[in-house]
Structures are given as C-alpha cells and as structure tokens.
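A.B. asks: Handing you this structure, nothing more for now.
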Amino acid sequence: MEPIFRKTVKNTIRLQGLGLHSGKTVNLTIHPSESGSGIQFLHTTPNKKTIIPVHVDQVIDTGNAVTLGQDGVKIQTIEHLMAALHTLGITDAILEIDSHEVPIMDGSSLPFLEAIIATGSLSFRDQIEPIKISNPIWVVEGDKYLVLLPSDELKVTYNIDFNHPLLRGQTLTTSLDQNTLLNEILPARTFGFLKDVEYLQSRGLALGGSLDNAVVLTEDGYLNDELRFENECIRHKVLDLIGDLAVLGRPFTGHLIASKAGHGLDISLAKCILEQEKANEFSKYKDYRSNSNSKNWNQKRA
Ligand SMILES: [Zn+2]
C-alpha cells in the first residue's frame with residue numbers, strides 16, 4: 001500500500017451557515033494545525049474556549065446526528081464536515097466554531113469540500129498508518145446491522161427500507177474510492193419526512209431546515225423540485241457512514257455492509273474497530289515478548 005501522509009489545510013477557511021436545529025447563523029473557521037494534532041473542535045464563546053478532539057470517546061449522543069462533548073460543551077452534526085475532511089485526507093486541523101452545531105450549509109458535504117479544495121492542502125512528511133482490519137467486525141441492533149469485512153479497497157453495500165413508497169427496499173453497492181466519494185456520495189443532501197419536520201419545528205427543533213438544505217419527503221413524493229441523484233437519500237446514508245467513521249481519525253479499507261443502519265450503529269462499529277485494533281496490537285506485543293523470551297531461554301540453555 002502506498003504511504004499516506006498527514007495533511008492539513010493550506011490556509012484558514014471561513015464558512016458561515018445556519019444551524020439546522022437552532023436556525024441561527026454559525027461561524028466555522030478551519031485553521032491549519034500541526035502534524036499529529038488530529039482534528040479538533042475549538043468551541044468559542046466571548047468568555048470561554050473549549051477544545052474537543054474528534055474521537056470516538058468524545059461522542060456523547062447519536063440521536064439525529066453525531067454529537068461530541070467535553071466539559072459540558074457539545075458540538076452536534078459533525079458528520080458532513082468530517083466526511084469532507086476524511087475524504088480529502090485532512091488529518092490535522094482546528095475547527096473553530098461559535099455554536100453547538102456545525103452549520104448545515106446545503107445539507108451535504110459539498111460546500112465543505114469546495115472550500116477546502118479551493119484553499120488547498122499541505123502534506124506533512126509524517127505518515128499516518130491506516131487501521132488494519134484483520135477480521136470481520138459487526139454490530140447488530142434488532143433488524144439493523146453494520147458489518148465491516150477485510151478488503152484492500154473501501155467499498156459499501158447499503159440497504160435502506162423506510163416506510164415510504166420511494167424509500168422501500170433500496171440497495172446501493174459501490175466502491176468508495178476518493179473519486180466516487182467526491183462525485184457520487186458527498187454531494188448527496190440530508191433528507192427528512194415532512195411530517196417529522198413539522199413535529200420537530202413545533203418543538204423548536206430543525207428551525208434552520210428548509211428545501212435549501214434538505215430533501216423533504218411528502219406522503220408519496222418529494223417536496224423539492226429537483227434531486228441531485230435519483231437515489232440521493234441512500235447516497236446520503238453512505239455519506240453519514242463515512243462521516244461517522246471519520247471519528248476513527250485514521251484511514252481504513254474494508255467492505256462495509258449496512259442494513260437500516262444509522263449514527264448509533266456507525267459509532268458502535270467505530271468502537272469495535274478500535275477494540276479489534278487494540279487487541280491486534282496487544283497480540284503483536286505478546287508475540288514479540290514470547291519470541292524474545294524463548295530466545296533468551298534458548299540462549300541460556302546453550
Ligand atoms: Zn447526514
């Protein structure tokens with residue numbers, strides 16, 4: 001496998017958009033960062049700054065989106081931004097934000113991608129080691145599941161089955177190389193059902209949601225005039241999966257097989273991936289120890 005080098009953004013990137021739930025304007029500034037520092041949120045208020053590293057251990061909620069938390073501060077809906085950073089191979093950056101939610105932009109990863117590509121990236125000399133998936137890993141919850149099989153390339157088979165005439169029993173199988181992600185997956189917008197949107201808004205949520213940043217489904221069709229892809233919703237599920245697994249902070253390959261999965265299962269899988277890797281590291285260490293012990297023993301005997 002080709003070596004993969006750590007990367008940051010070349011210059012500071014300023015973005016502004018609406019918080020999906022608050023409906024308020026959010027300022028997001030992506031700063032270059034040092035090699036090895038990882039991706040970190042910097043939550044700022046006039047009198048407090050809080051750093052929240054993007055890591056699976058910081059995930060405090062997976063309800064409608066992935067939420068990170070630290071010292072009582074939370075940042076939600078990180079996944080569309082994380083999908084963009086991960087796909088472009090950005091390993092180190094500071095994401096300064098003045099709200100508890102990442103701006104929804106157009107509901108996809110495209111505005112983040114375009115901004116980062118326009119600014120450019122800077123490669124470090126340090127390599128980042130991909131996570132090696134040596135055995136199948138899976139998480140199951142009722143009739144929902146998410147599996148990761150070892151494979152030298154990243155690919156997905158995704159199944160959705162919503163109680164809606166347009167989203168019943170759909171499957172998408174595709175390679176997830178960088179080109180496919182950039183052109184076929186990351187432009188897909190988030191989606192919601194009109195009845196849920198009305199309910200959420202009556203409770204003071206999804207106040208920033210509109211046809212400008214979501215595909216909205218009516219009883220039997222779409223409220224939007226145009227879709228970006230005929231199967232935009234399932235593509236967005238794949239986007240979410242990639243963005244959610246980006247909390248691993250490292251590249252990986254494998255065949256992802258998902259059925260009716262969502263943020264909760266995605267994050268559970270990320271935890272299992274790290275556990276498997278820790279176990280592999282431990283057994284390598286054990287092998288090393290037992291090899292060196294037996295050598296000593298043989299030497300003593302000789
Ligand atoms: Zn999403």
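The values are calculated or read from the model by the stated rules, or taken from the named source; none is laboratory data. From a predicted model like this one, the values you see are computed outputs, not experimental measurements. In this analysis, Cβ positions are derived from the backbone assuming ideal geometry, glycine residues included, and neighbour counts consider all displayed protein chains. Keep in mind that these areas ignore ligands, DNA and RNA; they rest on the heavy atoms of the full protein, side chains included. Shrake-Rupley method; radii C 1.70, N 1.55, O 1.52, S 1.80 Å.
A.B. asks: Can you give me the % of accessible surface on the chain that is carbon or sulfur? Probe 1.4 Å, all protein chains present, nothing else counted. Don't skip to the end; give the middle numbers.
C.D. replies: Working: 7400 of 15200 Å².
Roughly 49 percent, rounded to a whole number.
A.B. asks: Right, here's the next one. In whole percent, what relative contact order does the chain give with Cα contacts below 8 Å and a gap of six or more residues?
C.D. replies: On the way: 633 pairs, mean separation 71.3, N = 302.
About 24 percent, as a whole number.
A.B. asks: Using DSSP to define loop residues, name the GluC sites (Glu not before Pro) in region 217-275 whose beta-carbon has at most 15 other beta-carbon atoms within 10 Å. Working shown, then result.
C.D. replies: Numbers: sites: E219, E226, E230, E232, E275; in loops: E219, E226, E230.
Those that pass, being in a loop and sparsely packed, are E219, E226, E230.
A.B. asks: Let me ask you something else. Going through the DSSP H helices of the chain, which span 15 Å or more along their own axis at the Cα atoms while scoring at least 0.0 as a mean Kyte-Doolittle hydropathy?
C.D. replies: Answer set is 232-245.
A.B. asks: Counting only heavy atoms of protein chains, what accessible area per residue, in Å², does region 5-127 have with a probe of 1.4 Å? Before the final figure, lay out the partial values.
C.D. replies: Numbers: 5290 Å² over 123 residues.
It amounts to 43 Å² per residue over region 5-127.
A.B. asks: Please compute the length gained on full extension between K132 and R228, using 0.36 nm multiplied by the number of residues separating them and subtracting their Cα-Cα distance.
C.D. replies: Details: separation 96, 0.36 × 96 = 34.56 nm, distance 3.42 nm.
Value of the extension gain: 31.1 nm.
A.B. asks: Going from the alpha-carbon gyration tensor of the chain, what semi-axes, largest first and in whole Å, does one get by taking the root of 5 times each eigenvalue?
C.D. replies: Details: eigenvalues 252, 117, 63 Å².
The three semi-axes for the chain are 36, 24, 18 Å.
A.B. asks: Mind checking which of S121, L256, F5 is farthest towards the positive end of the chain's charge dipole, using Cβ charges of +1 (Lys, Arg) and -1 (Asp, Glu) about the Cα centre?
C.D. replies: Projecting each Cα onto the dipole axis, the largest value belongs to F5.
A.B. asks: Starting from region 200-248, pick out the trypsin sites (Lys or Arg not before Pro) whose DSSP state is loop and whose Cβ has at most 10 other Cβ atoms within 10 Å.
C.D. replies: Details: sites: R203, R228, R235, K237; in loops: R203, R228.
For trypsin sites (Lys or Arg not before Pro) across region 200-248 that sit outside H, G, I, E and B with at most 10 neighbouring Cβ atoms in 10 Å, the list reads R203.
A.B. asks: Sorted by packing (mean other beta-carbon atoms within 10 Å per residue), highest first, where do 157-165, 87-95, 179-187, 264-272 land?
C.D. replies: Details: 157-165: 15.3, 87-95: 22.1, 179-187: 18.4, 264-272: 20.6.
Ranked from most to least packed, the peptides come out as 87-95, 264-272, 179-187, 157-165.
A.B. asks: Now for a different question. Leaving out ligands and nucleic acids, note down the accessible area per residue over region 137-277 with a 1.4 angstrom probe, in whole Å².
C.D. replies: Numbers: 6420 Å² over 141 residues.
Averaged over the residues of region 137-277, the accessible area is 45 Å².
A.B. asks: Could you work out the relative contact order of region 5-127, using alpha carbon pairs under 8 angstrom and six or more residues apart, expressed as a whole percent? Each step should come with its number before you reach the end.
C.D. replies: Working: 271 pairs, mean separation 47.9, N = 123.
This gives 39 percent for region 5-127.
A.B. asks: In addition: Given the convex hull of the Cα atoms of region 106-199, what is a quarter of its surface area in nm²?
C.D. replies: Mean projected area for region 106-199: 9.4 nm², to one decimal.
A.B. asks: Suppose the chain between E34 and F252 were pulled fully straight at 0.36 nm per residue; how much longer would it get relative to their current alpha carbon spacing?
C.D. replies: Values: separation 218, 0.36 × 218 = 78.48 nm, distance 2.19 nm.
In short, 76.3 nm is gained.
A.B. asks: Which value in Å does the Kirkwood hydrodynamic radius of region 5-127 take, with 1/r averaged over all unlike C-alpha pairs and then inverted? Each step should come with its number before you reach the end.
C.D. replies: Numbers: mean 1/r = 0.0695 Å⁻¹.
Here the Kirkwood hydrodynamic radius works out to 14.4 Å.
A.B. asks: Using alpha carbon centroids, what distance separates region 1-17 and region 67-143, in Å?
C.D. replies: About 11 Å separates the Cα centre of region 1-17 from the one of region 67-143.
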